[in-house]
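The values are calculated or read from the model by the stated rules, or taken from the named source; none is laboratory data. Only a predicted model underlies this, so the values are computations on that prediction, with no experimental measurement involved. Glycine gets a Cβ as well: all are built from the backbone with ideal geometry, and neighbour counts include every protein chain shown. The accessibility values were calculated without ligands, DNA or RNA, using every heavy atom of the protein model including side chains. Shrake-Rupley method; radii C 1.70, N 1.55, O 1.52, S 1.80 Å.
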Amino acid sequence: MITQRQILGTGAAVLAATLTVAGCSDSGEQSGGDAGGSASIVVSTFPFGVEEFTQAVLDPFTEATGIEVEIDTGSNADRLSQLSLADGSNGVDVMLISDTYAGMGEEEGLFQPVTAADVPTMDEIAPFAVSEQYSGPAYSYQLNGTMYNTDELTAEEAASWDLYANADYAGRLALPDISVTAGQLMVSGVAASDGSGPYDVDAAFATLGEWAPNILQFYSSTTEMTNLLTQGEIVAGDALNGFATELVAAGEPIAWTAPAQGRYMATNRAMIPVGAENVEGATKFIDFLLGVEAQQASAEIVGDLPVNLGIEFPQEIIDVVGDIAQDPTGAGYETLDPREIVPNRDVWVERFAREVVGG
């Protein structure tokens with residue numbers, strides 16, 4: 001079987017050379033061994049923020065452990081597809097992936113359990129970050145809410161789902177497509193507010209279909225929405241908190257607020273594939289990733305919301321989400337159950353396109 005390490009040594013050699021932390025060892029040195037500098041791991045992660053993540057986590061991890069890190073980047077869908085085609089043995093030791101796609105991988109049996117016995121810092125993180133529904137823990141999370149123009153709306157107006165039904169703002173609002181992370185969280189928020197719970201998509205789609213004439217764009221990229229907001233074409237849009245951070249810090253007349261009802265969050269999870277070649281190195285990496293040092297640096301440099309609540313929260317995060325970051329579940333935020341989302345995802349995406357966007 002062609003491994004990820006072999007792939008990195010051929011078609012992706014330039015990427016690997018650019019993104020490898022503390023240099024690259026040959027394939028014989030990457031299969032475990034000791035942690036005294038000869039061992040290495042392959043970490044599969046998102047294609048954005050790699051430089052910041054390297055500064056916040058990867059370089060300090062290598063310095064602390066002597067374990068070199070090779071980075072493999074790509075979209076959630078592409079990386080999970082590659083892992084699936086290889087039956088969990090494509091050379092990746094740690095996969096950092098969003099919860100929906102982690103749930104898809106769980107259904108295929110692509111991941112092995114990560115426990116506190118091997119990763120002691122799992123005992124330090126927030127309870128919502130450890131779930132029996134996933135083999136691996138969450139290392140960061142994102143809150144769904146509304147980003148809005150403070151010259152046009154109050155926080156109270158922006159927090160109400162009724163905003164999107166208000167004809168006074170027809171053509172000046174945006175909502176995410178269900179296929180993106182914020183989209184499912186938004187649909188579940190509306191379902192909880194107008195229906196029987198977060199998975200009552202019949203109620204949600206009926207409500208969203210009524211709102212559709214007011215919506216300028218059902219976006220598939222948050223950058224699309226933030227551009228519309230900063231250019232004054234919309235007054236508000238449903239979005240994840242992280243996309244407001246730079247705009248708020250830059251002094252733009254923009255804020256983010258949590259919904260008054262139907263508060264849901266997404267998690268990014270650290271998973272170990274069943275065919276990982278360096279499980280010991282992988283568990284050491286996750287243990288470091290969840291520790292105070294890495295979580296503090298990730299919050300400050302990457303802008304991630306930390307699952308280790310023992311950190312000192314940067315002012316940039318507080319300016320956007322307030323004290324929610326210190327206790328998201330206490331503030332009413334919940335995670336969604338992948339056992340409800342994953343089996344229905346394809347049908348819901350098709351129905352959203354037909355009943356909401358095309359209605």
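Taking the charge dipole of the chain about its Cα centre, with +1 at Lys and Arg Cβ atoms and -1 at Asp and Glu Cβ atoms, the residue from Thr267, Asn344, Thr150 reaching farthest to the positive side is Asn344. Legend: P(r) of the chain from all alpha carbon pair distances, 20 Å bins from 0, whole percents, reading 30, 55, 15, 0. Secondary structure note: in the range 141-254, about 50% of the DSSP beta bridges are antiparallel.
Charges were assigned to the Cβ only: +1 to each Lys and Arg, -1 to each Asp and Glu. The resulting dipole of the range 140-243 about its Cα centre is roughly 260 debye. Directionally averaged projected area (the range 310-359, Cα convex hull): 5.9 nm². Note that the range 109-159 carries a Kirkwood radius of 14.1 Å, evaluated over its alpha carbons pair by pair.
The smallest convex shape that holds all Cα atoms of the range 197-295, its convex hull, gives 189 Å³ per residue. Pair-distance distribution of the range 54-174: all C-alpha pairs, bin width 5 Å, starting at 0; shares per bin in whole percent are 2, 8, 14, 14, 14, 13, 9, 9, 9, 6, 2, 0.
Give me the Å³ per residue figure for the convex hull around the C-alpha atoms of the range 114-266.
Numbers: hull volume 18.7 nm³, N = 153.
Spelled out: Cα convex hull of the range 114-266, divided by residues, is 122 Å³.
The equivalent ellipsoid that matches the C-alpha gyration tensor of the range 130-180 spans semi-axes of 32, 13, 9 angstrom, in descending order. Ligands, DNA and RNA left out, the accessible area of the range 167-283 computed with a 1.4 Å probe is 44% carbon and sulfur.
Computed from Cα atoms, the angle from the helix 201-211 axis to the main principal axis of the chain rounds to 50 degrees.
The charge dipole of the chain, taken about its Cα centre with unit charges on the Cβ atoms of Lys, Arg (+1), Asp and Glu (-1) only, comes to about 600 debye.
The range 109-156 and the range 220-261 have Cα centres lying 21 Å from one another.
Rolling a 1.4 Å probe over the protein chains gives Val347 an accessible area of about 80 Å². Summarising the strand pairing of the chain, around 60 percent of its internal DSSP beta bridges are antiparallel. About its Cα centre, the range 130-192 has a charge dipole of approximately 240 debye under the convention of +1 per Lys or Arg Cβ and -1 per Asp or Glu Cβ, with nothing else charged.
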